[in-house]
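Below is one structure; the comments refer to it alone.
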Amino acid sequence: MSDATSGRGGSKITEIRRLSGSRISIAKVPHDETGERMFTIVGTPESTERALMLLYSQVSRQWSPVSDS
């Protein structure tokens with residue numbers, strides 16, 4: 001997970017926690033040489049599914065190409 005996904009000061013993750021009702025923790029140390037950090041989502045099946053959907057949405061916005069139209 002990159003800093004762009006977690007947001008400045010964790011603001012995006014905080015919002016996803018609030019919207020989903022789940023607990024999300026992010027590893028302080030990168031997982032491997034890519035520098036990506038692992039995260040853990042804990043909650044009801046519904047809240048974890050919502051958190052995943054929100055995280056995937058954030059990642060897809062971060063990586064989608066910008067259109068000039």
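Readers should treat all values here as calculations from the given coordinates under stated rules, not as data from a laboratory. Since we're looking at a predicted model, the values are computed, not measured. Here Cβ is always computed from backbone atoms with ideal geometry, including for glycine, and neighbour counts include all displayed protein chains.
Obtain the nm distance between the two label points defined at GLU15 and VAL42 by a simple spin-label model: each point lies 7 Å from its Cα along the Cα-to-C-beta direction.
About 2.6 nm, to one decimal.
From the backbone phi of region 45-62, what are the Karplus-calculated ³J(HN,Hα) couplings (6.51 cos²θ - 1.76 cosθ + 1.60, θ = phi - 60°) in whole Hz, Gly and Pro given as x?
Here the 3J(HN,Hα) series is x, 5, 6, 5, 5, 5, 4, 4, 4, 5, 5, 4, 4, 4, 5, 5, 5, 5 Hz.
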